[in-house]
Every structure is written in structure tokens, then in C-alpha cells.
1. Look through Leu90, Leu81 and report the one residue that is within 19 Å of Gly263 (Cα to Cα), modelled with pLDDT under 85 and either surrounded by 21 or more Cβ atoms within 10 Å (Cβ to Cβ) or β-branched (Val, Ile, Thr) (or both).
2. Suppose the filter is without any contact (Cβ under 8 Å) to a residue 60 or more places away in the chain, under 20 Å from Gly127 (Cα atoms), outside any strand (DSSP E or B) and of a type outside the set (Gly, Ala, Ser); does Glu264 pass it?
3. Name the single residue that is surrounded by the most Cβ atoms within 10 Å (Cβ to Cβ) among those in segment 97-112 being touching a helix residue (DSSP H, G or I) at 6+ places or on another chain (Cβ under 9 Å), more than 20 Å from Gly164 (Cα to Cα) and at pLDDT 75 or above.
4. Identify, by number, the condition in (1) closer than 30 Å to Leu292 by Cα; (2) more than 14 Å from the chain's Cα centre (by Cα) that Thr209 doesn't meet.
5. Considering segment 111-138 alone, what residues qualify as being within 18 Å of Phe237 (Cβ to Cβ) and touching a Lys or Arg at 6+ places or on another chain (Cβ under 6 Å)?
6. Are any residues in segment 227-251 under 22 Å from Ile153 (Cα atoms), without any contact (Cβ under 8 Å) to a residue 60 or more places away in the chain and outside any loop (DSSP other than H, G, I, E, B), and if so, which ones?
7. Please pick out the residue among Ser239, Ser286, Ser235, Ser293 that is of a type in the set (Ser, Thr, Tyr) and over 20 Å from Val186 (Cβ atoms).
8. Can we say Gly261 is under 22 Å from Pro278 (Cα atoms) and either of a type outside the set (A, V, I, L, M) or surrounded by fewer than 23 Cβ atoms within 10 Å (Cβ to Cβ) (or both)?
Amino acid sequence: MRSLSGEAHLHLEGIMSILMPSKQTVPDDFQKNLISLYLKHGSIEQVFNITNYDLPVSFATYHRVLNKFGIVKSAGPNSKLSESLHILSLINNYKVPLEKVYRKYAPQTLKVSTNTLHRIMHHIRLGVTRRCGTALLISQESNLDRYLIAQDISLQNPSLGEVGDFSLPMSHTRMQDNTYTSITRVLQQEVFSNNCISGTFPFYLISGTEKPIFYINIADIKVAVFRIVIPDSYSTFSSFRLKNFSFKNQNEIASSKVRPGVGEMVKKYEELRYLPQPSCEIVIESNLNLALSRIPSRL
């Protein structure tokens, strides 16, 4: 009879064999284009919409191409997250009703609705999260005090504010996702997108046994924060959502214009860094949530 640890190991191997190509192949030019379009737009449905359904493949074939090269599907549109966080930040900054902020700053192309924002505000005041996310604190082996951040360009409408708040690599996660899937999705969409397109994504960087250091509630999302250390040979990064990648220490990040939750994640990790592994789950609130929870529901 196998031990429990042996069964767990075989289970993990099974998961990885499904997600990770057994022999990494190089996609042809047409497949590269399909992968690129998917990473850029976030869903197969959106790719078909953008191209006016002028693609010589079916939905099923598109899925098979992504699966063949180990591309983890999106768990939610990143642009809506950026839009929601920006509007919520404006509510906190100006202490004015949501509808007034929405009318003043929201163009017709805004994807997130007032109903969604009201629901998020309601959950924040209740201290309830209804979605999941994953964030990565990535450092190179030679300098563990610096973390990979980049400018968020997913908020592309100028009327919503300036593009370019710095962010850690992070994305939505499905409730049922395992660690390997969650981390791979973030790395593919926000760190190594060009490697996905060229067929050189570094699957070996993810063991699948990583555990969250802590969780942080940002808006109505409970974000699991993971620590990833990569070889110094990885110094070129790419994403359709982030640009101008750099490694910065805690002080440099604290003095930068960052996305909600980023500064708190780095600060909390530094506090826990040299302490024993906690025996219970640590969950903290982002400064944005703490501020919004204090704003009266009727201004």
C-alpha cells in the first residue's frame, strides 16, 4: 500500500502531466498567432469578436492548440479588475458617491457596471470576498531583496486615469484551481508571454508544491501571495498587460505609484520573511479596503 505522501506525489505528477507538455514543441507561425491573440485579449470568444470571426479554426480547435502548448486559460478579464480598482480608488480619494465618480470618469466603453461596483462596495463593507486571485513576489537568485514589478497597461482608456501604475504580477484565479495552475497562469499572462508564443515557457520554475505565504483582500478578491525565486539568466520579461519590468526593493516600491495592494504585499512579506512558517492562515486587508469600509454607504 502506498503512503499518503506517495499518493499525493503521484497526484501532483498527474496534474502536471496534463498541464505541462511532455515534450515542449515549437508552435508554427499560425499557432503562434493564435496563442498571441489569446494572451492579448484574454478569451477565445474575445479573439473571435475582435477578428469578426474571420479565423480558419473552430472554437474546439482553438482550445486544442492552447492545450497542446500548455496555455492555462484565463480566470477573469484583467481589464475589468483594473477599471474596478481605479474607480474604487477615486471614490476613496474624493469621498464622493459612486454614481458621481462613474458619470464623471466612466466612458461608454467601460466594461464594469455600477451594479458590479455597488456589489463590490457592499462586500468590502461586510468584509466578504467572492473571488480569488494570485500574486507573485518574484526575485532573482542573486538579489532576494528586490521584487519584479511592472507598469499596468491594461487600463487603456485615458479618461479613467493615467496608464502605468506599478503592479506585481497577478491575475484572477478559479476557486477550484490548484497551485500549479494558478502560478502558471500568472507567469504566462504577466511575465513570460513571449516565451509562451515561442514555445519556450519555463514550466520547470513551478513545482506545484508552493504554498501561499499569506492572503490579502483587495476589493472583493482574496489574493493568495506566493514567493518565486528565478535564476539570474531570466532577465527579459513580456506581457500584453504589463510593461517596463524592473526589480525594486521595498523602499523603492513604497515610493512608486502602485496598484492597490502592492505596497502592502511587499511590506507584509518583509515582516514575515525571517519568521517561522505560521501554523494558521494569515489574511490581511488592503489599505483600499480599510479606507472604503469606513466610508458611509450614503454620502
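1. On inspection, the qualifying residue turns out to be Leu81.
2. yes
3. Going through the qualifying residues, I end up with Val101.
4. Tallying (1) closer than 30 Å to Leu292 by Cα; (2) more than 14 Å from the chain's Cα centre (by Cα), Thr209 fails exactly one: (1).
5. Leu137
6. Passing the criteria: only Ser238.
7. The conditions single out Ser293.
8. So Gly261 passes the test.
The values are calculated or read from the model by the stated rules, or taken from the named source; none is laboratory data. Owing to the predicted nature of the structure, the values given are computational and were not obtained by experimental measurement. Glycine also receives a Cβ, built like all others from the backbone with ideal geometry; neighbour counts cover every protein chain displayed.
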